[in-house]
Structures are given as structure tokens and as C-alpha cells.
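Structure record follows, encoded as C-alpha cells.
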Amino acid sequence: MRIRELVPWRSHEHEKGQLSRRNEADPFINLQTEMSRLFASFFEGLGGSFGKDGDLSQLATPKVDVAETNDAVHVTAELPGIKEEDVEVTLADGNLVIRGEKKAEKEEKQKNYYRVERSYGSFRRSIPLPAEVDDQKVDASFKDGVLDIVLGKKQTSSSPAGKKIPVRRQD
Amino acid sequence: MNARPTDGHSTDGQNKNQQAQERAVYRPMVDILDTAGDVVLLADLPGVDESHLDLTLDKNVLTIRGAVQQPSLEGYMPVRMEYGIGDFERVFTISDDVDRDRIEATVKDGVLQLTLPKTAHSARRKINVVAR
């Protein structure tokens, strides 16, 4: 075995000019993951149950793309290997929350891993939406490991500058 | 970013890719595990269905290539882009102990499962699959 193969962060990344899909490629997601891990281990040290919301040691934070038009917001998330019944999408306070669990295949007991790059475990992703949306006009579909959500924007009333609030004179 | 080698294969997916020269090519994340009779390779290929997946085995070189089918976002303004839309490609070297005639591939929920059975005489030997 060459010594290079023992060094994980040098293991043939960016070969052939290809881009890596690892979360580590994105410094911000990396920072978020590291912070989550730090908090999780801190609360574990306290012996409390704070960090029990999912197995943070194996974060499987999905990557998300958000795009919008005048009347809709389009959110796609990469969730390979997750079944639709293991995904939950909720809308709360202008945030779209995607949570779920990626379960490891457990059909065979006797196995050795040569290489583990994919991530497993629970995840929760809260995505701030760029506009107010109508919760009656949400359509979510799931195909080939990509979650596709279209949210209709709330149609503002005739005055686009904002709702006019009448001021009453108090006698 | 199109570092894809040109070979004799020409599928619908690839023709489309050649038209869209700006498409990026990504390296999918894989797990490789050794079970009693097989070596199993799992690759995350979100957005790829079975008709846009191209697996080739040339001697010891196994190439996985997937063309991502994404809904058209024409007319949309990007707000937050964490993953680029592009295709997947990764090359592996497999050893002679894999029974080439019995390799099976299935794709489900954006994950490719490739089962590489060991040949009878090599069932007890270690089989190398090297990610390149």
C-alpha cells in the first residue's frame, strides 16, 4: 500500500478535472457540518438528550438548489437512496423544512467495507424561501433520488408596494 | 470541463451531452463492500434513471457514466445553487477474479447497485476494486 492511500484528503480528488461532490468541497457546508458535530459532541458530553435528534455523527445533509420566477419557487434536493416514505417536507414560517433518514442497506451481515464515501443517517434541512408562498399551492415529487418541490407564490393584492393600513383617529 | 474520453459508444444521453458542451462532469460518491460471494458497489447518482446510465467494461476498466435528467428551469432565477447540474462519471479497475458474465446492475432512487460476483475459484480470495 502506498502511503498516499492512507491520507484521506489526498485520495485522488479532482482527478481528470472532475468536480468532487463531497460536502467538504463546499467550505460553508463543511463549516455547518463541523459546527453541528461540535454541538452534538458537546451535548453528548453533558449526558443530556439534546443531540438525540438524529445521528449527527453521520450527517447526510442533502444539497439543495432553489430558483424562482414571478409566481413560483422551485426547490430541488439531492436525496439518493432515500425512499419517499422516509422523507418529510413541511412549511413553517417562510422556511421549507426537509427531513428524513437514509438507512443503510442491512441485508447481509458478513461484509467488509473497502470504501465508504456515501453518507447515512438522519438529516434535517431548513431552507429559507425567497418569497411568501401559498401553502395550498405546493407540489412535491420524488424521482430517481431527486426531490422536486414547486411552491406557488402568494399573490399580493392590487398594491404591490405593501398593504395599506388605515389609521383611525381616536377620540 | 468535458474531460470525457471519446469512445465508440453513442447513446441518446451522450448525444445530448455533446450538444450541451458546458455541462459539468461530477465524480459520484461510492461505497464498495465485500460480501461472501460478491463485491458490491453502490454509487450515488441522483437524477439518473436506468435509460441514461451507461456502464462499460473494457478489459479491467469499468466505467460508470450517468446523464442527469433534471426538470427544465427555464425562466427561473437561481436563488441558491448548492449542486451543479451535470453528469456523473467514474472509472474503476477491477481484478480478474470478477465473473464478468454475471455482473448485475440495478438502479433505484438514484443509487446504482453493481454486483460483481467472484469467480468460483476466487470466492475465498480478496478481489480488488480500485477507484481511480
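The values are calculated or read from the model by the stated rules, or taken from the named source; none is laboratory data. Values in this document were obtained by computation on a predicted structure and should not be read as measured data. Cβ atoms come from the backbone with ideal geometry, glycine included; neighbour counts cover every protein chain shown. Quick note on the areas: whole protein, heavy atoms, side chains included, nothing else; ligands and nucleic acids left out. Shrake-Rupley method; radii C 1.70, N 1.55, O 1.52, S 1.80 Å.
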Open item on the list: Please report the accessible area of A:Leu31 (heavy atoms, 1.4 Å probe, ligands and nucleic acids excluded) in Å², nearest 10.
Closed with: 100
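What FRET efficiency would be calculated for the residue pair A:Val97, A:Ala131, taking the C-beta separation as r and a Förster radius of 25 Å, to the nearest 0.05? Could you put the intermediate results ahead of the total?
Numbers: r = 17 Å, r/R0 = 0.67.
Rounded to the nearest 0.05, the efficiency is 0.90.
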Open item on the list: How large is the direction-averaged shadow of the alpha-carbon convex hull of the stretch B:35-80, in nm²?
Closed with: 5.6
Open item on the list: Suppose R0 equals 25 Å. What FRET efficiency, 1/(1 + (r/R0)^6) with r the Cβ-Cβ distance, do A:Arg115 and B:Ala24 give to the nearest 0.05?
Closed with: 0.60
Task: Surface accessible to a 1.4 Å probe, A:Lys103 within the full protein complex, Å² - done: 110
- [ ] Over both sides of the A-B contact, add up the buried accessible area with a 1.4 Å probe and give it to the nearest 100 Å².
- [x] 4500
Open item on the list: Sorted from largest to smallest, which semi-axis lengths in Å does the alpha carbon gyration tensor of the stretch A:57-153 give for its equivalent ellipsoid, taking the root of 5 times each eigenvalue?
Closed with: 31, 12, 11
- [ ] Mind ranking A:Lys164, A:Lys153, B:Lys108 by accessible surface for me, highest first, 1.4 Å probe?
- [x] A:Lys164, B:Lys108, A:Lys153
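At 0.36 nm per residue, and after removing the present C-alpha to C-alpha distance, how many nm does the segment from A:Asp86 to A:Ile165 gain when stretched out fully?
Details: separation 79, 0.36 × 79 = 28.44 nm, distance 4.43 nm.
Gain in length upon complete extension: 24.0 nm.
A:Asn30 to A:Val138: extension gain in nm, 0.36 nm per residue of separation minus the Cα-Cα distance? Could the numbers behind the result be given before it?
Details: separation 108, 0.36 × 108 = 38.88 nm, distance 3.03 nm.
Between A:Asn30 and A:Val138, full extension yields an extra 35.8 nm.
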TODO: Using the structure shown, select from A:Lys83/A:Lys137; A:Lys153/B:Lys108; A:Lys111/A:Lys143; A:Lys103/A:Lys137; A:Lys154/B:Lys108 the pairs with a Cα to Cα distance greater than 26 angstrom.
DONE: A:Lys153/B:Lys108; A:Lys111/A:Lys143; A:Lys103/A:Lys137; A:Lys154/B:Lys108
Task: Listed residues A:His74, B:His52 arranged by accessible area, highest first, probe 1.4 Å - done: B:His52, A:His74
Open item on the list: With every protein chain left in place and a probe of 1.4 Å, what is the accessible surface of B:Met77, to the nearest 10 Å²?
Closed with: 120
Open item on the list: Students sometimes get this wrong: rank B:Glu89, A:Glu78, B:Glu104 by accessible area, probe 1.4 Å, all chains present, largest first.
Closed with: B:Glu104, A:Glu78, B:Glu89
Open item on the list: Let me check I've understood the local charge: for B:Met77, count other residues with C-beta under 15 angstrom from its C-beta, Lys and Arg +1, Asp and Glu -1. What total comes out?
Closed with: -2
